[in-house]
């Protein structure tokens, strides 16, 4: 059975009707606008529900040159020029007080020569708002996490010039690095003489963290203070020994109470030495 020219025309007309129905449904119901520009940049088509958000009517800009319309919008004008030069693009730019997500598609005629540009633009206000809300939530989560980290490793001034850092749980390298920065800052700000690192609540440390603890004691000394480690559990002590860490220059005592007493005795001895008359 052969297909006649009439049947072919009918099929093409049916396809065109379907395409028009689809296009009309999109333009009338979605927050987008579509425009067609000839090779000079003149609007030959402009429709879409998205125009409502900027108070513009369909076809309002027909006959207007888009390059002149957006001459003062540097980035938008440059993308338009690139589009008319044959380069497709996708961008999110603000125009008429509204953020627009835009696809620019060069058009070619039957000979393959450039014949203008099609622009499909989506009102991105809702997307921008959601992105802003998401970023606000992420910022809040980050602040909450910082508060939690600070609470889990609080630096407490228990006595004049004596700071304590009670640590709890599993101490990893990232956490100990942040703690070190906070502790050294506190020593300078408080003009501390002693800093007690209390590991009573520490369940485990990784190999890198054990080394960080020794480095922290050395850094404390460089600031003119003395670091004391208290409450080391047996498994943590075994980790340090297995690593071959030199603890000979580190003051360690059994618990926080003993560490505080040691600080007070040393401070009292220093005070008496300073107050003694010079012979």
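The values are calculated or read from the model by the stated rules, or taken from the named source; none is laboratory data. Quick caveat: nothing in here was measured; it's all calculated off a predicted structure. As a convention, Cβ positions derive from the backbone with ideal geometry for all residues, glycine included, and neighbour counts pool all protein chains shown.
Among the listed residues 240, 167, which satisfies the condition of being within 19 Å of residue 157 (Cβ to Cβ) and at pLDDT below 90?
On the way: 240 fails: within 19 Å of residue 157 (Cβ to Cβ).
Within the list 240, 167, the selection yields 167.
Name the residues in the range 41-59 that are out of contact with any helix residue (DSSP H, G or I) (no Cβ under 8 Å at 6 or more places or on another chain), farther than 18 Å from residue 96 by Cβ and without any contact (Cβ under 8 Å) to a residue 40 or more places away in the chain, would you?
The first filter runs over the range 41-59 and keeps only residues out of contact with any helix residue (DSSP H, G or I) (no Cβ under 8 Å at 6 or more places or on another chain), leaving 44-46, 50-52, 54-56, 59.
Cutting the leftovers down to farther than 18 Å from residue 96 by Cβ gives us 44-45.
Once the filter is applied, which keeps residues that are out of contact with any helix residue (DSSP H, G or I) (no Cβ under 8 Å at 6 or more places or on another chain), farther than 18 Å from residue 96 by Cβ and without any contact (Cβ under 8 Å) to a residue 40 or more places away in the chain, the range 41-59 yields only 45.
Residue 204 - would you say it is assigned by TED's automatic domain parsing to the domain that holds residue 166, part of a helix (DSSP H, G or I) and under 20 Å from residue 175 (Cα atoms)? Quick ask: steps written out before the conclusion?
Numbers: assigned by TED's automatic domain parsing to the domain that holds residue 166: yes; part of a helix (DSSP H, G or I): no; under 20 Å from residue 175 (Cα atoms): yes.
No, not satisfied.
Just one of (1) surrounded by 18 or more Cβ atoms within 10 Å (Cβ to Cβ); (2) modelled with pLDDT under 90 trips up residue 249, so point out which.
(1)
Hand me the list of helices (runs of 4 or more DSSP H) wholly inside the range 1-105 holding 2 or more residues that are surrounded by 12 or more Cβ atoms within 10 Å (Cβ to Cβ), under 32 Å from the mean Cα position of the chain (by Cα) and at negative phi. Please lay out each step first, then the result.
On the way: elements: 5-29, 66-69, 74-84.
Per the criteria, 74-84.
Could you check the range 232-249 and list, in sequence order, the residues that are in contact with a strand residue (DSSP E or B) (Cβ under 6 Å, 6 or more places away or on another chain) and part of a loop (DSSP other than H, G, I, E, B)?
Listed by number, the list holds a single entry, 232.
Of the residues 168, 205, which single one is surrounded by fewer than 21 Cβ atoms within 10 Å (Cβ to Cβ), in contact (Cβ under 8 Å) with a residue 12 or more places away in the chain and in contact with a strand residue (DSSP E or B) (Cβ under 6 Å, 6 or more places away or on another chain)? First the steps, then the outcome.
Values: 205 fails: surrounded by fewer than 21 Cβ atoms within 10 Å (Cβ to Cβ).
So the residue among 168, 205 that is surrounded by fewer than 21 Cβ atoms within 10 Å (Cβ to Cβ), in contact (Cβ under 8 Å) with a residue 12 or more places away in the chain and in contact with a strand residue (DSSP E or B) (Cβ under 6 Å, 6 or more places away or on another chain) is 168.
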